[in-house]
Amino acid sequence: MPEVHAASYKEAILFLVTAGIVVPLFHRLRISPVLGFIGAGALLGPFGLGRLADGHPWLAPVTIGNRTEIAHLAEFGVIFLMFMIGIELSWERLRTLRRLVFGLGSIQVLSSALVIGAILYGLKVPVAAAAIVGLALALSSTAVVLPVLAEQKRLNTPAGRASFAVLLFQDLAVAPVLFAIAVLGRNDGAHMGASLVLALGQAAIAIGAIVVAGRLALRPLFHLVARTRSPELFMAACLLTIVATALTAAASGLSMTLGAFVAGLLLAETEYRRAIEATIDPFKGLLLGVFFLSVGMNLDPAQLVAAPATILGLSLALLAIKGAIVILAAPVLRIPRPVATEAALLLGPGGEFAFVLIGGAVAVGLVPEPVGAAALIVTTVTMVAIPPLAALGRRMGRRVTAAQLGRARAEPPPDKQQNRVIVAGYGRVGRLVGDMLSRHKIPYIALDSDPARVTELRRLGNPVYFGDSANPEMLRRCDIASARALVVTLDNPAAVEAVVQAARAERPDLTIVARARDARHATQLYEMGVDDAVPETIEASLQLSEAVLVDVGVPMGLVIASIHERRDEYRVMLKRKESDQRPVFRARRTVGKGVEPPGRDAARDEAAAKRA
């Protein structure tokens, strides 16, 4: 058996221990774990405890010295982030927020980059370096701002939507900037025009090949994998798609992140989008943790200690420049001043892509290392300040007047999936529910685990996605936090209960209407917290009664009133039965396996229903 060297796994073990401590601790403190990973990297890295490890050998096991291995994993974190950005984009979302995305977003990025670049050029920084650093510092932190807004439940506020739109434009701008850095990094100073044309042609061919191959192969691949109903195989297909497109782009001279971004765009319009998001999200979170850990490892606290006034002054200057541009652009887009002020506080700090852009530019010699190091320190300091700035912006946002708030709310939401009814299961019953919702102009989104059914119905224009509706992450991707209601139409009682349990854990206040097999099953669902349970056996009896009464000559109005009255009686009876049985059930369940829980005998329940 080969000998195992524990030192070879030290970095991985330290990262897992760090993640196990940082994530729950910072969630409890309501602080973004991103800041915890950066702080842990600075503490455990070569400029933290690693600096003391030579004189104190007992510190060596708790320090990270192999930055190269961490850097490779960190690169995959950015790749997965760009893939998720691509898959979360949609033409519908861009069209809905086009005024803020391409208006406020373009003004913020271009103006901030121009002002910051001009200041750097005035400080004798080369033109290319000033432009790259200016663009990098113009970007804000999607990885910190959006979780902070989500934690405060402010994503749908006017400031939240404005911030989201600007961050969306920034995400779109990253890919061309990465491409420009790659092209400039390969330029030897001669024949720059020819090199640029050649690089553009090569990039166009590579992206075209990825798009064509993706359109021809990705949907059939995921359809084939989904038919196996194997979560492991589906996960493997997701990872293969990301890695294959990233490596194809890298082999063509582009960045791996650009290839992953294109793969995300290709999958964004498929019926498997939601399931892929739910599958990849844990990987993205974990690998992004490695990325931010590596960011912290590259920070030297000694530089901050050596010149605290200078770094603090540069950080305040960055916040002031970017914030002022957002506030000055607000009147042009008819954004109220308090809303613009709150958005400016959120967008003023630097972002995670500054580390990617500046790090890549320093590696190819486009940005001098001292300039890049100073820019990264300023970025880190301002990112750490995002949570308190968000709290300050929240207090300032309360000063919005009623008239201003009314105008701001007229802006469409960032994602039309919000405020919809979620239909879990899109078979015969689910399609009828969707049809009735459409007739009454109530938007909805449906989930179904049958890939053939999803493919066929999407071809007919139905808003149905492939995925497991009992998966909490899948429900979050369908915006359960802002859903109007959940309708569970699955024909498997165990599956219905799993969906109800997952949904109720996510939203205790959500209206849930569920399909039940019989009266006993309806009682169990009421006990789990559904608002309405519709038993198939009872509903079929009512429909038969309605038909025979009409056929024998009873007036339709009297029949409908009688059926509604009888349905209400059943509902009251089932809820009363659930209320009466709940304490008994809990008491009996603790006695032992030999005691039968109430409601086990279906025939007894049916007899009770008939007597009622």
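Readers should treat all values here as calculations from the given coordinates under stated rules, not as data from a laboratory. Keep in mind that what you see is a predicted model, and the values were worked out from it rather than measured.
At a temperature of 4 °C and a viscosity of 1.567 mPa s, determine how fast the stretch 8-63 diffuses translationally according to Stokes-Einstein, using the Kirkwood radius over alpha-carbon pairs as Rh; express D in µm²/s, rounded to the nearest whole number.
The diffusion coefficient I find is 109 µm²/s.
As an exercise, find the ratio Rg/Rh for the stretch 426-477 from alpha-carbon atoms, using the Kirkwood inverse-distance average for Rh.
Looking at the stretch 426-477, the ratio lands at 0.96.
Can you list the HN-Hα couplings for the stretch 305-312, worked out from phi with the Karplus curve (6.51, -1.76, 1.60; θ = phi - 60°), rounded to whole Hz and with x for Gly and Pro?
Using θ = phi - 60°, the values come out as 5, 5, 9, x, 5, 5, 5, 5 Hz.
Could you list which residues have their amide H under 5 Å from that of residue 483, counting only those 5 or more apart in sequence or on another chain, with H placed in the peptide plane?
419
Collect residues whose amide H, placed 1.01 Å from N in the peptide plane, falls under 5 Å from the amide H of residue 423; neighbours closer than 5 in sequence don't count.
445, 446, 447, 487
Taking only the alpha-carbon positions of the stretch 421-575 and ignoring solvent, what does the Debye formula give for the base-10 log of I(q)/I(0) at q = 0.10, 0.17 Å⁻¹?
Evaluating at q = 0.10, 0.17 Å⁻¹ gives log10 I(q)/I(0) of -0.39, -1.00.
Quick one: in the stretch 77-409, what % of C-alpha pairs are over 35 Å apart?
It works out to 24 percent of all Cα pairs.
Just to check I understand the Karplus step: with θ = phi - 60° and J = 6.51 cos²θ - 1.76 cosθ + 1.60, what whole-Hz values come out for the stretch 257-271, glycine and proline as x?
Values, residue by residue: 5, 5, x, 5, 4, 5, 4, x, 4, 5, 8, 5, 9, 8, 6 Hz.
Would you pull out the residues with amide H under 5 Å of residue 512's amide H, same chain only if 5 or more places away, H placed 1.01 Å from N?
Amide H to amide H, under 5 Å and 5 or more residues apart or across chains, residue 512 pairs with 486, 531, 532.
Karplus couplings for the stretch 470-482 from phi (6.51 cos²θ - 1.76 cosθ + 1.60, θ = phi - 60°), rounded to Hz, Gly and Pro as x?
Ordered by residue, 3J(HN,Hα) equals 8, 7, x, 5, 5, 5, 5, 5, 8, 6, 5, 4, 10 Hz.
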